[in-house]
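J.: There's a structure below that I have some questions on.
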Amino acid sequence: MPTDTDHGGDDLHLDRARAESFGAVAAAYDEHRPTYPTALIETVLNAPATGRRPLEVLDVGSGTGIAARQLRGAGAEVHAVEPDPDMAAIAESTGLAVEVATFEAWEPAGRSFDAVTFAQSFHWVEPTSAARKAWDVLRPGGALALMWNRYTELDPPRDAITAIDERHLAVTPSARPSEDREESVDELLRGMGFTVERHTFRSDRVMTTEAWLNLVFTYSRYVVLDDERRAAVRADLTALAGPDGVHLENDALVVLARKPG
Ligand SMILES: C[S@@+](CC[C@H](N)C(=O)[O-])C[C@H]1O[C@@H](n2cnc3c(N)ncnc32)[C@H](O)[C@@H]1O
C-alpha cells in the first residue's frame, strides 16, 4: 500500500490539507506507527564527522517524537521542530523539547547542529528551500538524513488495496517513489555541495488485521476523508484482509547527505 512514507510525487508538500492532517489522529499515530530500524538509526548517528559528542540533532517534522525518541535513546541530544500542536504535545509529554513551527517559519537564531533529520517528513516541505536551510544550520562535517519506513503489503497484494483506494479516493498516491523523484532529490542535494548516499533496510512483518487497519488509518490520505467515506474504505479493507492478518515488507530508506568538513 502506498503510504505517507511514499514521496508521492514532486508536489505532495503543496497538499497542505494532508500535510497538516496528523493532529486529528495524534494519539493513534503515536500508538500505531512503527519505529525505524535500529540499524537505520545507527547509520544516521554514525554519519556526522563533526567530532562532537553527544551529537546535537535537529529533528524536523518530529510529530509525536517517534524518531526523535529513538535518536535520543541512541545518545543524541535532540531538538524537535513540529508545526502541529497536538502532535507536539505528545512529543513534549515524553520529555522532548519541541519548537512548534513549520520548518519554513522556524528561526535558527544562530544555532547549528551535527545532524538534521526528517523522518517521514521531507515530502511535506518544499525540498529546495528545506535542503538549503538544513545546509545552513549544519556544522562542517554534519549530515542531513531523510528517512522513511516504506511498508508495502504482500498479502493481500498491494494491487487489490490500490483498487480500493481508486474506488474511494479522489487522488491515489503513487505506490513507491518514482525513480525520477529519487534522482531529483539526490541531484538537488549534490548541487548544493552535499555528498549523497542511500541505505536501505529490508524486513518482513505480519500484523493482525486490526493492527494493520489501526496503522493505515493514520495515513494522511485516509485522515482527510469524511467519516462516511473513511468507514466505507475501512469496510472494504477489512473484508479484503480477512481474519488472517496482513503480511508486509518494509524497505526502509535513509538518504544521507554529508556536508563537507
Ligand atoms: C508523517 S509525520 C512524521 C512524524 C515523525 N517524524 C515520525 O517519524 O513519526 C509528518 C510530520 O510532518 C509535519 N509537517 C508537515 N508540514 C511540515 C512543515 N512544513 N515543516 C515541518 N514539519 C511539517 C506534520 O505535522 C507531521 O507531524
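The values are calculated or read from the model by the stated rules, or taken from the named source; none is laboratory data. Just so you know, these numbers come straight off a predicted model, no measurement behind them. Ideal geometry is used to build each Cβ from the backbone, glycine not excepted, and the neighbour counts take in all protein chains shown.
J.: If you go through the stretch 95-116 one residue at a time, do you hit one that is hydroxyl-bearing (S, T, Y), near the ligand (Cβ under 9 Å from one of its atoms) and either crowded, with 24+ Cβ neighbours inside 10 Å or not in a loop (DSSP other than H, G, I, E, B) (or both)?
T.: No: zero hits.
J.: Scan the stretch 148-163 and report the pairs whose first residue is among the acidic types (D, E) and whose second residue is assigned to a loop (DSSP other than H, G, I, E, B), with Cβ atoms within less than 6 Å and a gap of 6+ or a chain change.
T.: E153/M1
J.: Okay, next question. Looking only at the stretch 49-92, how many residues end up being within 14 Å of the ligand (Cβ to nearest atom) and hydroxyl-bearing (S, T, Y)?
T.: Adding up the residues that qualify gives 2.
J.: Working only within the stretch 105-116, note down all residues that are closer than 17 Å to A19 by Cα and within 17 Å of the chain's Cα centre (by Cα).
T.: Once the filter is applied, which keeps residues that are closer than 17 Å to A19 by Cα and within 17 Å of the chain's Cα centre (by Cα), the stretch 105-116 yields nothing.
J.: Follow-up. Please work out if W135 is at pLDDT 95 or above, closer than 18 Å to N250 by Cα and touching a helix residue (DSSP H, G or I) at 6+ places or on another chain (Cβ under 9 Å).
T.: No; evaluated as a whole, the condition is false for this residue.
J.: Restricting to the stretch 5-48, and then to whatever is in contact with a strand residue (DSSP E or B) (Cβ under 9 Å, 6 or more places away or on another chain) and modelled with pLDDT under 90, can you tell me which residue is nearest to the ligand (Cβ to nearest atom)?
T.: This residue is T5.
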